[in-house]
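Before we start, here is the structure in question, set down as structure tokens.
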Amino acid sequence: MVSEEFWVTRRDAGDAVVLQVSGVVDIITAPSLATHIDVALAGTPAVLVIDLTEVDFLSSAGITVLVEVHRLTENSPTSLRVAADGSATSRPLRIVGLDEFIDLYPTVDEALAGAPRGPELT
């Protein structure tokens, strides 16, 4: 069963691939997200941006997908960047410490630019 509140849209941006994720990423939808990521990585893009700015809920299953994609890309030519802003995405990713090894950005544009991030707010 696929959640009606979940979808992924792919957009090519030069040598980068942006996967815009919307809705709920949970135990039901996380495998679909993983499949979209695998397809994007098959083309070995220079940059893969996973855009979570339209995600309403990110479960531990979704976080696990991000950990796995980090593992797949850490020794590859693809730079993984995640756009996440807000309490549904950025906060849980920071709480579990993903921001220590995955580059998090507040917007897709900043992720594409690889712009330096500002100081952490506490």
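Starting from the stretch 8-30, take each residue that is within 24 Å of residue 60 (Cα to Cα) and list its partners that are among the aromatic types (Phe, Trp, Tyr) and at pLDDT 95 or above, counting only C-beta distances under 6 angstrom and pairs at least six apart or across chains.
22/7; 23/6; 24/6; 24/57; 29/6
Within the stretch 39-46, identify whether any single residue is within 11 Å of the chain's Cα centre (by Cα), in contact (Cβ under 8 Å) with a residue 24 or more places away in the chain and at negative phi, and answer yes or no.
Of the residues in the stretch 39-46, the ones within 11 Å of the chain's Cα centre (by Cα) are none.
The answer is no, given that none of the residues of the stretch 39-46 is within 11 Å of the chain's Cα centre (by Cα), in contact (Cβ under 8 Å) with a residue 24 or more places away in the chain and at negative phi.
Another question about this same structure. On the basis of being without any contact (Cβ under 8 Å) to a residue 60 or more places away in the chain, out of contact with any Cys (no Cβ under 6 Å at 6 or more places or on another chain) and on the phi > 0 side of the Ramachandran plot, does residue 107 make the cut? Spell out the reasoning first.
On the way: without any contact (Cβ under 8 Å) to a residue 60 or more places away in the chain: yes; out of contact with any Cys (no Cβ under 6 Å at 6 or more places or on another chain): yes; on the phi > 0 side of the Ramachandran plot: no.
Against the criterion (without any contact (Cβ under 8 Å) to a residue 60 or more places away in the chain, out of contact with any Cys (no Cβ under 6 Å at 6 or more places or on another chain) and on the phi > 0 side of the Ramachandran plot), residue 107 does not qualify.
So residue 43 clears everything in (1) closer than 19 Å to residue 89 by Cα; (2) surrounded by fewer than 19 Cβ atoms within 10 Å (Cβ to Cβ) except one condition, right? Which one?
Against the list (1) closer than 19 Å to residue 89 by Cα; (2) surrounded by fewer than 19 Cβ atoms within 10 Å (Cβ to Cβ), residue 43 comes up short only on (1).
The values are calculated or read from the model by the stated rules, or taken from the named source; none is laboratory data. Bear in mind that the values here come from a model prediction, so they are computed numbers and not experimental data. Heads up, the Cβs are rebuilt from the backbone with ideal geometry, glycines too, and the neighbour counts pull from every protein chain shown.
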